[in-house]
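Undergrad: My structure is below; once you've seen it, I'll send some questions.
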Amino acid sequence: MSLRLYLIRHGETEWSLTSQHTGRTDIPLTARGEEEARELAPGLKSIPFVHVLTSPLRRARKTGELAGLGTVAAIEPDLAEWDYGDYEGKCSVDIRKQRADWNIFRDGCPGGESIAQVSERADRLIGHLRALDGNIALFSHGQFGSVLAVRWVGLPLVSAQHFPLATASLSILGFDDHHPEVPVVARWNAAHNGRLSAST
C-alpha cells in the first residue's frame, strides 16, 4: 500500500473560539469540541489504519479517543503544536498592535520555537513517516498541521499561511497516482461529515 496521511486537527477549545494562540497550554476540548470529535468517528472507522499517532496534548488525544481511535494511538511528540513562547495565549490582532507586520510563519515566536526549529521538527516527522506504508492517522493541531502540509510537498514554511485548518477537520497527504514520487495534498480542511473513506 502507498502511504496516506490522514491529518486531523483537534476539536474546538475555549482558546480556539477566542483565536488565542494555544501551544503547550494543555487545555481540554469544549463540549462542542467533543461533539465535533465524535462526528469524525463514522467516517474514520471504515479506514484500515496501520498506525495512529497523536500529539501528547490532551485536546488532540481526546479527539482521537472520541473519534474511535484512542485505544490504538501512540504518542508522537513531534505532532505537538508550535511552542508560541511569549505569544502563548495571545491573539494575532493584539500581537500586531506591537508588531504590525508580524506573521508567525515568517517570524516565529520570541521565547518559543523559531521558524527553523518548527520546520526541522516537521521534516524529522516526515522522514519517519515516509519509511512507513499504508493509512496513518495523525491527530495534531492547527498551525503545526499547516506546517506539516507545506513541508510534505517541499514548500517553504511561510507558505503555511495559505493552508488554514478548522477544528476537527480532516486533510489527506499522499502521492500523485500517476507520478508516485510526487507528494501531494490530496484533500484539505474537509469538514467532518461521516462520509470519509479510504479512497477519499
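Derivation of every value follows stated rules applied to the coordinates shown; laboratory data play no part. Small disclaimer: the values here were computed from a predicted structure and weren't measured. When we count neighbours, we look across all protein chains shown, and the Cβ atoms used for this are built from the backbone with ideal geometry, even at glycine.
Undergrad: Can you work out D for the chain in µm² s⁻¹ from Stokes-Einstein, where Rh is the Kirkwood radius over C-alpha pairs, the temperature is 37 °C and the viscosity is 0.692 mPa s?
TA: Numbers: Rh = 16.8 Å.
My calculation gives 195 µm²/s for D.
Undergrad: If the cut-off is a Cα-Cα distance under 18 Å, which lysines reach Lys62, setting aside same-chain residues fewer than 8 apart in sequence?
TA: The qualifying lysines are Lys45.
Undergrad: Now for a separate question. Can you bin the range 1-44 into rounded, prolate or oblate? Criterion: square roots of the alpha carbon gyration tensor eigenvalues sorted a ≥ b ≥ c, rounded for a/c under 1.5, prolate for a/b above b/c, oblate for the rest.
TA: Values: a/c = 3.27, a/b = 1.61, b/c = 2.03.
In terms of gyration-tensor shape, oblate.
Undergrad: Order of 74-80, 4-10 by packing, highest average Cβ count within 10 Å first?
TA: Final packing ranking: 4-10, 74-80.
Undergrad: Which of the three applies to the range 114-171, rounded, prolate or oblate, going by the alpha-carbon gyration tensor with a ≥ b ≥ c and a/c under 1.5 meaning rounded? Show your work: numbers first, answer last.
TA: Details: a/c = 1.82, a/b = 1.09, b/c = 1.67.
Verdict is oblate for the range 114-171.
Undergrad: May I have the convex hull volume per residue, in Å³, for the Cα set of the range 15-87? Write down the numbers at each step before the final one.
TA: Details: hull volume 6.3 nm³, N = 73.
So the per-residue Cα hull volume is 86 Å³.
Undergrad: Quick one: 3J(HN,Hα) in Hz for the range 27-39, Karplus 6.51/-1.76/1.60 with θ = phi - 60°, rounded, Gly and Pro as x.
TA: Per residue, the Karplus-derived 3J(HN,Hα) values read 8, x, 6, 6, 4, 5, x, 5, 5, 4, 5, 4, 5 Hz.
Undergrad: How large is ³J(HN,Hα), in whole Hz, for each residue of the range 113-124 in order, when computed from phi with the Karplus curve 6.51 cos²θ - 1.76 cosθ + 1.60 and θ = phi - 60°, using x for Gly and Pro?
TA: Computed from phi, the couplings for the range 113-124 are 7, 7, 4, 4, 5, 5, 5, 5, 5, 5, 5, 4 Hz.
Undergrad: Tell me, what ³J(HN,Hα) does each residue in the range 65-78 have, in order and in whole Hz, if you take phi through Karplus 6.51 cos²θ - 1.76 cosθ + 1.60 with θ = phi - 60° and put x for Gly and Pro?
TA: Once θ is set to phi - 60°, the couplings for the range 65-78 become 4, 6, 7, x, 10, x, 6, 10, 7, 10, 6, 10, x, 5 Hz.
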